[in-house]
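> First the structure, which I've put down as structure tokens, then a few questions once you've had a look.
The values are calculated or read from the model by the stated rules, or taken from the named source; none is laboratory data. Keep in mind it's a predicted model, so treat the numbers as computed, not measured. Backbone-built Cβ (ideal geometry, glycine too); neighbour counts: all protein chains shown.
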């Protein structure tokens, strides 16, 4: 049975029960009222019953014409003497046929037995076994000129029974009609009200068949069905989003494996090539042999650095706890700038570092973040181009510069989650590190891809410069694990690039 049929059956059952209770209550109330009125009429008529018996036509069995309006047609007035002999006077109009008289005497003789109680209103059947006629009877003991005995008045229940029968028929017809009408209205209302559920069923079936973009059409608010439709749509959106993220993760994993294979194959091919040259005897003089050994060593170092970076990324993915300690960020940046100046003395560094910028983190990893940013400048900008380096405090709600792109919201899928200790703390301020160069720049549409593994925006960021494309990915992974964010900004090609790192800041007085 369908849900609509079940609901309709329940509603009609309740309506039928309610209608039955109302019909019974109305029938019982009218029945009580009519019989009460009949009994009152019976009691009030007793005072004139004796007069009718004295002045009536005893031989003809008729009451005086003036008494016909006091009782309904079919009423019987009877006098029963002490021996049980009765005198009966029926109330009837001319040419009227009335029913048989009431059966008042159960047994006669020395001990007379009656079918009624003297002084109490009693219901008595008419004479004859097959008669369905009943009377309301009242008897009192009186002494009349015609003798001493019981004066009995019997009012027929014919009109009361007829009225109750008509009421029963009307109630039955009205109840059936009302139930049929409400059944039609209820069926139409349920069909309209449950239409969203049918739409949900169709949508769920379509989704099961592979149409993952289907949604339930929900109009209006306030009803349970519409709230269910909205909740279902939200659930489907989340499922779709999760599936999309899963597909993207799988695609990134395939690309990652392909890039790793390519990055490892390049140095391995070089090492294998020089080894084959040596094996074939092509390296005859000492200069060629020395140059080959240097190239083998260079490629081995490059491969070793790539493997180390991959291992670090793998550890970040495993969400290993960080070795946390207070770190003076400005001091680390100052050391990194000093090292970069030694490597490239011709490059000018404009440094503006704020004091007492302490962050809570893993010192080795934060050091690598700063070093990778400096290495990125060194690898992708001319050696004589200036670099601006600064650190300062920002509020928690301060956004990144307009036009900049930060790490994506699903960075946790790439680099794991934030360290639990850092995640539990409430941070009000952040320390911002900015490294700005005047190099070749990046197209704005490529900014969001900068922190992806093995990504290079253009030919200027090529393998010829020795990078594997993992440095900025490591920056993003480490900063994310420390509860911060990495971002990049460039106005376009030839306009330089700014890399930024925001890390949660601890107050100097909390540093031991």
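> Checking residue 183 against (1) surrounded by fewer than 17 Cβ atoms within 10 Å (Cβ to Cβ); (2) farther than 30 Å from residue 45 by Cα; (3) touching a helix residue (DSSP H, G or I) at 6+ places or on another chain (Cβ under 9 Å); (4) at pLDDT below 85, which single condition isn't satisfied?
Every condition holds for residue 183 apart from (4).
> To continue, here is another question. Within the stretch 46-67, can you find the residues that are touching a strand residue (DSSP E or B) at 6+ places or on another chain (Cβ under 7 Å), at pLDDT below 80 and in a helix (DSSP H, G or I)?
Once the filter is applied, which keeps residues that are touching a strand residue (DSSP E or B) at 6+ places or on another chain (Cβ under 7 Å), at pLDDT below 80 and in a helix (DSSP H, G or I), the stretch 46-67 yields 49, 50, 52, 53, 54.
> Tell me whether the stretch 192-205 contains one or more residues that are modelled with pLDDT of 85 or more and either farther than 30 Å from residue 22 by Cβ or in a helix (DSSP H, G or I) (or both).
yes
> Say whether the condition of being part of a helix (DSSP H, G or I), out of contact with any helix residue (DSSP H, G or I) (no Cβ under 7 Å at 6 or more places or on another chain) and modelled with pLDDT under 65 is met by at least one residue in the stretch 439-447. Can you show your working first?
Within the stretch 439-447, the first condition is being part of a helix (DSSP H, G or I), and the residues that meet it are 444-447.
Next cut, out of contact with any helix residue (DSSP H, G or I) (no Cβ under 7 Å at 6 or more places or on another chain) only: 444-447.
Subset that is modelled with pLDDT under 65: none.
No, that holds for no residue.
> Would you confirm, using the coordinates I've provided, whether residue 503 is in the same structural domain as residue 379 (by TED's automatic domain parsing), at negative phi, modelled with pLDDT of 80 or more and in a strand (DSSP E or B)?
Numbers: in the same structural domain as residue 379 (by TED's automatic domain parsing): yes; at negative phi: yes; modelled with pLDDT of 80 or more: yes; in a strand (DSSP E or B): yes.
Answer is yes for this residue.
> Scanning for something more than 60 Å from the chain's Cα centre (by Cα) and part of a strand (DSSP E or B), does the stretch 156-170 turn up at least one residue? It would help to see each step written out before you state the result.
Quick first cut of the stretch 156-170, residues more than 60 Å from the chain's Cα centre (by Cα) only: 156-159.
Subsequent filtering for residues that are part of a strand (DSSP E or B) retains 156.
Checked against the condition, which is being more than 60 Å from the chain's Cα centre (by Cα) and part of a strand (DSSP E or B), the stretch 156-170 yields at least one hit.
> Same structure again: Could you count how many residues in the stretch 279-300 are touching a helix residue (DSSP H, G or I) at 6+ places or on another chain (Cβ under 9 Å), loosely packed, with under 15 Cβ neighbours inside 10 Å and closer than 22 Å to residue 264 by Cβ?
3
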